[in-house]
Amino acid sequence: VSAITLTTDFGTSDWFVGAIKGVIHGIAPKATVIDITHAIPPGDIRAGALALMASARFFPRKTIHVAVVDPGVGGPRGAIVVQTSKAFFVGPDNGVLSWALAGEKGVAVHQLENRKYFLKQVSQTFHGRDIFAPVAAHLADGVSISRFGRKMAGFVRLDWPRPEKHPNGLVGSILHLDHFGNAITNLDESSLAHFVNKRVTVHLKGKPLCRLSEFYQQAPPGKPLALIGSSGLLEIALNGASAARKFDLKLGEPVNLRVG
Amino acid sequence: VSAITLTTDFGTSDWFVGAIKGVIHGIAPKATVIDITHAIPPGDIRAGALALMASARFFPRKTIHVAVVDPGVGGPRGAIVVQTSKAFFVGPDNGVLSWALAGEKGVAVHQLENRKYFLKQVSQTFHGRDIFAPVAAHLADGVSISRFGRKMAGFVRLDWPRPEKHPNGLVGSILHLDHFGNAITNLDESSLAHFVNKRVTVHLKGKPLCRLSEFYQQAPPGKPLALIGSSGLLEIALNGASAARKFDLKLGEPVNLRVG
Amino acid sequence: VSAITLTTDFGTSDWFVGAIKGVIHGIAPKATVIDITHAIPPGDIRAGALALMASARFFPRKTIHVAVVDPGVGGPRGAIVVQTSKAFFVGPDNGVLSWALAGEKGVAVHQLENRKYFLKQVSQTFHGRDIFAPVAAHLADGVSISRFGRKMAGFVRLDWPRPEKHPNGLVGSILHLDHFGNAITNLDESSLAHFVNKRVTVHLKGKPLCRLSEFYQQAPPGKPLALIGSSGLLEIALNGASAARKFDLKLGEPVNLRVG
């Protein structure tokens, strides 16, 4: 039986995630359910897409990833299951699955419309519990994706915010501020390839901040550094403190890489 | 082996819930343990009762529900296990189990007094770990409820805060403010039956707020709406924002339904 | 298959703990993974050591305890696995494991250096995912500790902050402020043995606070009390409220026991 992961904006202070797990356990009692996070900011589809993208590749083959950041629940947005060569993805068709699927070729996408695989009573406000949870559990039980509904030609894709080229380097931006106050950007290893054999300086708030490091303790305590973090993305950090707090960083704020 | 659910006010920042799970795993290693929530406000028995009531019905038969909101731990309050036709409920006899049990007929209630099923050393401050966790694990292992102690005639019941009738409609109140800032009330489908074939307006802070909707996006972004939410209770929400914050809502605050 | 526990400072708002669980599930799909807590303050090795010490003894034999509070990740600090007669402990060699190991005789300590048991690509910023998770999973699968690397003579130990003797009693201090606002100190049962047959008063902020109680409701609502809490340590609490907030308590603040 496959594992089922959950990425949602439901928080953990209510009973919502518990109810989802109850539904899954009733259908697929042997499935292991693993929380990615339930702390996606309410309705923030891009934050959900990032969390799923950054974690899905650490799960074994055939894992079923459920992502429910679903501000359009009850309205006309679609609901889908996607099968890749490695895994399954279940959620609203609003882009939340799309970054995790970015590199995948030959995926099969089906609509979720067969009410046989939903809870008997489907609310108009909580498809995480009433549609996505039971569908994931039936997938874990071996139901093939064609049973859930019609094949679709594609799915909604969010644009990935690509860094922009600039005469003297690259202009990136902050995608995520993590629990440690590290600022994770859209700059990655391939962005650095742009600078082969050149010295690079990271700029923040229009001023040079630091050069590139490899691990946090390469900077003195409390001092800033920039490194390729554990998700393969450039992050700005302080050794032993919160860069987000010290520099008052915001999502979307520019981070530049410059030659020199 | 049955699943065991946990609803507590222990939070997740200390090691308390971990210790509970260690105790369960030592006795019933095959039991699946599912968190409903550990964010019940400290000592708030009614909030615990609501979370259990709203989630228990989504779990399969024979699930063992443990609820520990236990401000009287160590004192004279009782400790009980309740068996219904569907499930088991374990916790202090202070009402925290009672709303989930409200509709149940012919339940069997036993006191927890047989120390054979407790941890060897029972503290006077943490019965969640020392009594309720091992009892739940032994239940999952198939121990019958009569083994835990004497049969009781009943259990402590919390009053459900019924809406009041008013010449022009119903006076309800806010039971819970959820993670999204939605205000969940004590008004339900049967309250609406009061208004068959009549137009209804929801009143908040003494003023008309809105009519009834079916899903969040039926209101324009940032605008208020009222709908029967996923737990079967009327809730006041904003499309894409927090009603609790915008209207500065408090627990117990009146929400009225009026004809017209 | 053994259970694996996790004690970290990663928080639960990002995907970090999810990625760790994905790695474990890929290697040891039958292992039960139990969160102790992920809310250790960032880099606070002593807080991690306390959470592990207070919870590990409630888990069954052969449990694998992973503690990752690792401000030195990527730098020269070691990484170890420790086997005791009861359990396994995995983490950075920075003291985070040491309080849980304090009473143990004849432990075996091995370095984690055999890359065969790591993820293929090891980052310099997230050994929780890339080294400690896969090592724990291989342990759960039965790999013996000598396979992970060389035997070590010992491991880094944090000093336990012992209470100091004073002509008129003992000078202790606050080790931890818990979710309820209870202040857990370094004074324990053996500290009380110091006062056999004498009346004891607990002093806080240089003034007498209260005598010793046994459970929270022994004080009137809102009044302070001191008792040996569920972890065997003296704690200062209020009945039904937060002592930390009311008395503005800080970690390290003195708590004295005096005769009289």
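Between 0 and 90 degrees, the angle of helix B:16-27 with respect to the longest Cα principal axis of chain B falls at about 50 degrees.
For A:Lys86 and B:Val122, what does the FRET efficiency come to when R0 = 45 Å and r is the distance between their Cβ atoms, rounded to the nearest 0.05? Walk me through the intermediate numbers first.
Working: r = 49 Å, r/R0 = 1.08.
Working from the Cβ atoms, E equals 0.40.
Only the Cβ atoms of Lys and Arg (+1) and of Asp and Glu (-1) were treated as charged; on that basis the dipole of the protein assembly as shown about its Cα centre amounts to roughly 660 debye. Couplings 3J(HN,Hα) for segment B:53-68, derived from phi with the Karplus relation 6.51 cos²θ - 1.76 cosθ + 1.60 (θ = phi - 60°), are 4, 6, 10, 4, 5, 8, 9, x, 3, 6, 4, 10, 9, 10, 10, 10 Hz, where x marks Gly and Pro. The average projected area of the protein assembly as shown, computed from the convex hull of its Cα atoms over all directions, is 36.5 nm². Closest approach of a chain A Cβ to the axis relating A and C (residue, whole Å): A:Thr12, 4. Entry comment: accessible area of segment B:1-134 is 33 Å² per residue, from protein heavy atoms only and a probe of 1.4 Å.
At a threshold of 10 Å², the residues of segment A:206-223 that become less accessible to a 1.4 Å probe in the full protein assembly than in their chain on its own are A:Glu214, A:Phe215, A:Tyr216, A:Gln217. Placing unit charges on the Cβ atoms only, positive for Lys and Arg and negative for Asp and Glu, gives segment A:121-162 a dipole magnitude near 200 debye about its Cα centre.
Can you tally the net charge around A:Leu52? Count Lys and Arg as +1, Asp and Glu as -1, for every other residue whose Cβ sits under 15 Å from the Cβ of A:Leu52. Could you put the intermediate results ahead of the total?
On the way: positive: A:Arg46, A:Arg57, A:Lys86, A:Arg157, C:Lys21; negative: A:Asp9, A:Asp35, A:Asp44, A:Asp70, A:Asp93, A:Glu104, C:Asp14.
Taking every other residue near A:Leu52 into account, the sum is -2.
With θ taken as phi - 60° and the Karplus curve 6.51 cos²θ - 1.76 cosθ + 1.60 applied, the whole-hertz 3J(HN,Hα) list for segment B:245-260 is 6, 4, 9, 6, 7, 10, 4, x, 5, x, 10, 10, 10, 10, 5, x Hz, x standing for glycine and proline. Put simply, the amide H of C:His194, placed in the peptide plane, has no neighbours under 5 Å, leaving out anything fewer than 5 places away on its chain. Using a 7 Å projection from Cα along Cα-to-Cβ, the label point at C:Ala153 is separated from the same position in the remaining copies by 7.2, 7.2 nm, smallest value first.
Of the beta bridges DSSP finds with both residues in segment B:1-146, what % are antiparallel, to the nearest 5? Before the final figure, lay out the partial values.
Working: 9 of 21 bridges.
Here the share of antiparallel DSSP bridges comes out near 45 percent.
Within the accessible area of the protein assembly as shown, what % is carbon and sulfur when the probe is 1.4 Å and the other protein chains stay in place? Present the calculation step by step, with values, prior to reporting the outcome.
Values: 16730 of 32680 Å².
Heavy-atom surface of the protein assembly as shown belonging to carbon and sulfur, 1.4 Å probe: 51 percent.
These residues, B:Asp248, B:Asp9, B:Asp159, go from largest to smallest accessible area, 1.4 Å probe, as B:Asp159, B:Asp248, B:Asp9.
Report the antiparallel proportion of the DSSP beta bridges in segment C:102-260 as a percent, rounded to a multiple of 5.
Here the share of antiparallel DSSP bridges comes out near 95 percent.
Looking at chain A, which longest stretch skips every one of the GluC sites (Glu not before Pro) that is in a DSSP loop with at most 16 other Cβ atoms within 10 Å, leaving the sites themselves out? Result for the longest clean stretch: A:1-103.
If you take every residue apart from B:His38 with its C-beta less than 12 Å away from the C-beta of B:His38, what net charge results, scoring Lys and Arg +1 and Asp and Glu -1? All intermediate terms of the calculation are to be shown ahead of the outcome.
Numbers: positive: B:Lys21; negative: A:Asp14, B:Asp9, B:Asp14, B:Asp35, C:Asp35.
The answer is -4.
As a test, work out the antiparallel percent of DSSP beta bridges whose residues both lie in the protein assembly as shown, rounded to the nearest 5. Don't skip to the answer; put the middle values down first.
Values: 114 of 156 bridges.
Looking only at bridges with both residues in the protein assembly as shown, the antiparallel portion is about 75 percent.
Taking amide hydrogens as placed 1.01 Å from N in the peptide plane, the amide H of C:Ile80 sits under 5 Å from those of C:Gly91, C:Asp93, C:Leu112, each at least 5 positions away in sequence or on another chain.
For segment C:170-200, a decrease in accessible area of 10 Å² or greater in the assembled protein chains relative to the isolated chain, with a 1.4 Å probe, applies to C:His176, C:Asp178, C:His179, C:Phe180, C:Ile184. With contributions of -39500 (n - 2.57) from each DSSP H run of at least four residues, the per-residue ellipticity at 222 nm computed over chain B stands at -4500 deg cm²/dmol. Here C:Lys205 yields copy-to-copy label distances, from shortest upward, of 3.7, 3.7 nm, the label point defined as 7 Å from Cα along Cα to C-beta.
Taking a virtual spin label 7 Å from the Cα of B:Arg115 along the C-beta vector, which residues in segment B:78-106 bring their backbone nitrogen under 17 Å of it? Taking a point 7 Å out along Cα→Cβ of B:Arg115, the residues of segment B:78-106 whose backbone N falls under 17 Å are B:79. Rounded to the nearest whole Hz, the Karplus-based 3J(HN,Hα) values (6.51 cos²θ - 1.76 cosθ + 1.60, θ = phi - 60°) of segment B:130-135 follow the sequence 8, 10, 5, 5, x, 4, with x at glycine and proline. Spatially, segment A:29-95 and segment B:150-225 are offset by 32 Å when compared through their Cα centroids. For segment A:95-186, the set of trypsin sites (Lys or Arg not before Pro) satisfying both a DSSP loop assignment and a count of at most 12 other C-beta atoms within 10 Å is given as A:Lys105, A:Lys120, A:Arg150.
The relative contact order of segment A:16-142 comes to 30 percent, based on Cα pairs under 8 Å that sit 6 or more residues apart. Chain B contacts chain C over a buried accessible area of about 2300 Å², both sides summed; the probe is 1.4 Å and only protein chains count. Sorted largest first, the spans of the alpha carbon positions of segment B:156-259 along the three principal axes are 38, 35, 25 Å.
Semi-axes of the equivalent ellipsoid for segment A:1-91, please: Cα gyration tensor eigenvalues, times 5, square-rooted, ordered largest first, whole Å.
On the way: eigenvalues 74, 54, 36 Å².
Working through the eigenvalues yields semi-axes of 19, 16, 13 Å.
Taking a Cβ cut-off of under 12 Å around A:Asn256, the surrounding Lys, Arg, Asp and Glu residues balance to a net charge of +2, with basic ones at +1 and acidic ones at -1.
Each pair of Cα atoms in segment C:63-146 enters the Kirkwood radius, and Stokes-Einstein at 25 °C and 0.890 mPa s then converts it into a translational diffusion coefficient of 191 µm²/s.
At B:Val259, with labels set 7 Å past Cα in the Cβ direction, how many nm apart are the copies from this one, shortest first? Relative to the other copies, B:Val259 has label-point distances of 8.0, 8.0 nm. By the compact-protein rule of thumb, 2.2 N^0.38 Å, the alpha-carbon radius of gyration of chain B corresponds to a ratio of 1.12.
The dipole here belongs to chain C: it is taken about the Cα centre, uses +1 on the Cβ of Lys and Arg and -1 on the Cβ of Asp and Glu, and is about 440 debye. Amide H contacts for A:Thr5 (H built 1.01 Å from N in the peptide plane; partners 5 or more residues away or on another chain; cut-off under 5 Å): A:Ile34, A:Ile64, A:His65, A:Val66.
The values are calculated or read from the model by the stated rules, or taken from the named source; none is laboratory data. Computed from a prediction, not measured in an experiment: that's the story for all the values here. Virtual Cβ from ideal backbone geometry, glycine too; neighbours counted across all protein chains shown. Heavy atoms of the whole protein, side chains included, go into the accessibility calculation; ligands, DNA and RNA do not. Shrake-Rupley method; radii C 1.70, N 1.55, O 1.52, S 1.80 Å.
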